[in-house]
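Student: Handing you a structure now.
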Amino acid sequence: MPPLCASCGQPASEALAGPEHGWECRNEACPEFGQSIDANEPGERARLETWRAPPGDRIPNHPSFDVLIYRRVEAAAAGADAARRLFADHGWGGSWVDGIFGFHHFHSTSHEALAVVAGRATVELGGPQGRAFDVAEGDVLVLPAGTGHRRASSAPGFTVVGAYPAGQEDYDLLRGDGPAEVAAARERIAALGAPPHDPIGGDGVAGWR
């Protein structure tokens with residue numbers, strides 16, 4: 001049974017790449033036309049947005065994996081404990097509860113999932129050459145290794161749960177301090193494969209091949 005689009009209420013259809021990549025709204029009159037609708041987690045109907053961060057000198061970003069933004073994830077909206085359980089159920093561990101640093105930084109030894117469990121914020125992704133995204137309670141960011149991120153502004157109480165794929169919980173934190181650091185980081189990022197499971201459900205991470 002196909003899921004319904006949260007915006008227009010019409011049944012979705014399998015994405016052209018196959019049902020393992022989710023479902024798409026195919027109602028041309030809908031503002032979500034062509035957007036993915038996640039149906040892997042029972043009881044959840046998250047909307048998936050993707051964005052490719054451009055490469056930079058200080059913030060490398062990932063050469064081939066997109067940033068994923070899931071909107072309206074029920075477990076994230078249910079609070080920190082529910083978000084941590086959701087991540088753990090799909091093999092993402094090392095979780096913590098806090099905010100997001102206000103400076104541009106990235107990880108070269110791990111991918112990262114960030115579930116907004118309270119409040120709202122504007123988060124800049126991709127470093128100075130990237131773009132800003134508004135996020136709110138229930139949204140989940142899935143950041144491939146190398147993706148720059150920082151909190152540009154936030155409302156009081158803004159809180160996220162962070163988690164990492166199995167074996168990547170001992171992550172680094174880099175700001176792009178010099179060409180040698182960035183060059184070494186690019187090598188680690190390129191060698192880091194996709195995790196076996198999406199942090200909010202399903203085999204494989206959407207579009208990470």
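Laboratory data are not the source of any read-out in this text; all were calculated from the coordinates shown. It should be emphasised that the depicted structure is a prediction, and the values quoted were computed from it without experimental measurement. Reconstructed Cβ throughout: ideal geometry from the backbone, glycine too, with neighbour counts over all protein chains shown.
Student: Put a dot 7 Å past each Cα toward the Cβ at D81 and D170; how far apart are the dots in nm?
Tutor: So the two model labels end up 3.1 nm from each other.
Student: What's the local net charge at S153, with K and R +1, D and E -1, over the other residues with C-beta under 15 Å away?
Tutor: Values: positive: R120, R131, R150, R151; negative: E124, D134.
Net charge around S153: +2.
Student: Same structure, new question: If each residue of separation counts as 0.36 nm, what is the full-extension length gain between A88 and T122 once their alpha-carbon separation is subtracted? Present the calculation step by step, with values, prior to reporting the outcome.
Tutor: On the way: separation 34, 0.36 × 34 = 12.24 nm, distance 2.63 nm.
Extra length available between A88 and T122 comes to 9.6 nm.
Student: Would you please classify the overall shape of the range 46-191 from the alpha carbon gyration tensor, given that a ≥ b ≥ c denote the square roots of the eigenvalues, rounded means a/c under 1.5, and beyond that prolate means a/b larger than b/c while oblate covers the rest?
Tutor: On the way: a/c = 1.83, a/b = 1.44, b/c = 1.27.
Prolate is the answer for the range 46-191, as a/c is 1.5 or above and a/b outweighs b/c.
Student: Name the residues of the range 134-161 whose amide N is less than 15 Å from a point 7 angstrom out from the Cα of A190 along the C-beta direction?
Tutor: Output list for this probe position: 146.
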